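Coordinate-derived values only; no laboratory data. Everything quoted here is computed from the prediction, not taken from an experiment. Neighbour counts are summed over all protein chains in view; Cβ atoms, including those assigned to glycine, are modelled from backbone coordinates with ideal geometry.
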Amino acid sequence: MSARLARLALWLYPLAYRRRYGAEMEALLEESGADRRAVVDLFRAAIGAHLRPEPALAAAVGREERLRLGLGAALACWFLFAVAGLAFYKTTEGKPFEGTAGTPSALGTLHLTIQVLAVAGGVAALVGAASFGLAVLRPRPMPRHTLRLARVCAAVLAGAMVEIAALTAAYLIAITTAAPHLAGEPNGPFGTPDVAVSLALQLVAMILVAAPATLVAVRVWRGAAR
Amino acid sequence: MVTPEAVLGGPEDACYYYVMRYISERSTDPGLLVLASLAEGPKHGYAITQDVEEVAGVKLGPGTLYGALSRLEGRDLIEALPSEDRRRPYRITAAGSAALEEQLRMLDRVVDTGMKRLRAAGATL
């Protein structure tokens, strides 16, 4: 079990890092064994390798490849974010939650804004996926306009995720303070838990996905600018 | 196996030992330990972890070790040597030796000053 987790942790390292040190790290794990402490150390160091990339390793992955991986990661983040978004939609289903049946109008405004951002993000994901597909099918190098579109899509995706997460937090505060009777409703995705708990869980999931997506978008932008 | 409890005599002393060891492990720079290990001669990853554990009592995890190796290599303090298998040996460079010497001199000054101050405060060392 620990050996499998260790291999998974190795897979989570940045590509440049895996190319340079992956084989050596595998050999080390085979020699020293992969206990629980080693697995935890690998996961912690993998996060560190993403947050503090070693500039000298950057040459191990080409600019084109880095951009493709960056856009792919942004799209994957959006897919995961959409799951939390779907849970938000199911949790706030029904007129009272949309602020249209005598409940605070702030709820309705927040609900509508979140929907608009979700549509913007969805369109960016579709366009981004299309440009990504075209870039893969076309001969290298990636056309300049495809590059531009790809980085704009990654930025829109990350921006939509951050804003939706912020608005979900605002919605959670608004519903618990201004409409506590609605916050206590058992209206979660599966009928339970109640709305406030369900929204708090969705918010945590959204933040966990939006943070790496933002990091990826910044790197795609910087990578394209080089 | 000799336990710290058996050597130190009491649970309080053993607790103190574990706390100090924990602090020591957390505050020990893996880069410094790796450089000190490579000062003896070229070694591959597994040999470095074995040496560091033996000398400093610190077990470097694989992630920590390669994090340190990548940083040191990026700053040209160590260099990778050619290898026929997956176990690539590393060698300390001239810049690495100079950096290690500087850090050890600084640590030596800290130890020296700390000991003098403890003696002045009446500690029997």
Study note, to complete from the structure: Answer in debye to the nearest 20: the dipole magnitude of chain A about its Cα centre, from +1 Lys/Arg and -1 Asp/Glu charges placed on Cβ, is 1060 debye
Review point. In what sequence, highest mean first, do B:90-96, A:57-63 appear when ranked by Cβ atoms within 10 angstrom?
Key: B:90-96, A:57-63
Practice item. Beta carbons within 10 angstrom, averaged per residue: use that to sort the peptides B:42-53, A:149-160, highest first. Key: A:149-160, B:42-53
Study note, to complete from the structure: Expected unfolding gain across A:A59-A:L112 under the 0.36 nm per residue rule, minus the alpha-carbon gap, is 14.6 nm
**Study point:** Relative exposure of B:T113, A:T214, A:T176, judged by other C-beta atoms within 10 Å (fewest first)
**Key:** B:T113, A:T176, A:T214
Revision key, fill the gap. Note on chain A: contact order normalised by length, alpha-carbon pairs under 8 Å, 6 or more apart, percent, works out to 25 percent
Exercise for review: Report, in degrees rounded to the nearest 10, the 0 to 90 angle that the Cα long axis of helix A:2-11 makes with the longest principal axis of chain A.
Suggested key: 90 degrees
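Counting only other residues whose beta carbon sits under 12 Å from that of A:E54, what net charge do I get with K and R as +1, D and E as -1?
In short, +3.
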Exercise for review: Over the range B:29-120, calculate the relative contact order: mean separation of alpha carbon pairs under 8 Å at least 6 apart, over the residue count, as a percent.
Suggested key: 30 percent
Practice item. Note down the Stokes-Einstein diffusion coefficient of chain A in µm²/s, whole number, using a Kirkwood radius over alpha carbon pairs, 4 °C, and 1.567 mPa s. Key: 66 µm²/s
Check your understanding: To the nearest whole number, what is the average tally of beta carbon atoms from other chains within 10 Å of the beta carbons of peptide B:48-57?
Key -> 1
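For a footprinting-style exposure proxy, rank A:E64, B:E84, A:E24 by other Cβ within 10 Å, fewest first.
Details: A:E64 14, B:E84 6, A:E24 23.
Sorted ascending by nearby Cβ count, the order is B:E84, A:E64, A:E24.
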Exercise for review: Provide the gained length on full extension for the span A:A129 to A:R144, in nm with one decimal, where the gain is 0.36 nm per separating residue minus the Cα-Cα distance.
Suggested key: 3.8 nm
**Study point:** Between 0 and 90°, nearest 10: helix A:144-178 axis offset from chain A longest Cα axis
**Key:** 40 degrees
Check your understanding: Label points 7 Å out from Cα along the Cβ direction at A:R37 and B:M106: separation in nm?
Key -> 2.8 nm
Review point. Distances over 15 Å make up what percent of all Cα-Cα pairs in the range A:2-58?
Key: 43 percent
Revision key, fill the gap. Dipole check, the range B:29-120, charges on Cβ (K,R +1; D,E -1), about Cα centroid: among B:G67, B:T49, B:V111 the Cα furthest to the positive pole belongs to B:V111
Review point. Residues with amide H under 5 Å of B:I78's amide H, sequence separation 5 or more or different chain, H placed in the peptide plane at 1.01 Å from N; which?
Key: B:E73, B:T93
Review point. Say R0 is 41 Å: what FRET efficiency, to the nearest 0.05, do A:E30 and A:W221 get from their beta-carbon distance?
Key: 0.55
Study note, to complete from the structure: If B:S37, B:S83 are placed from fewest to most neighbouring beta carbons inside 10 Å, the sequence is B:S83, B:S37
Review point. What average count of beta carbons from other chains do you get within 10 Å of the Cβ of residues in A:26-34?
Key: 5
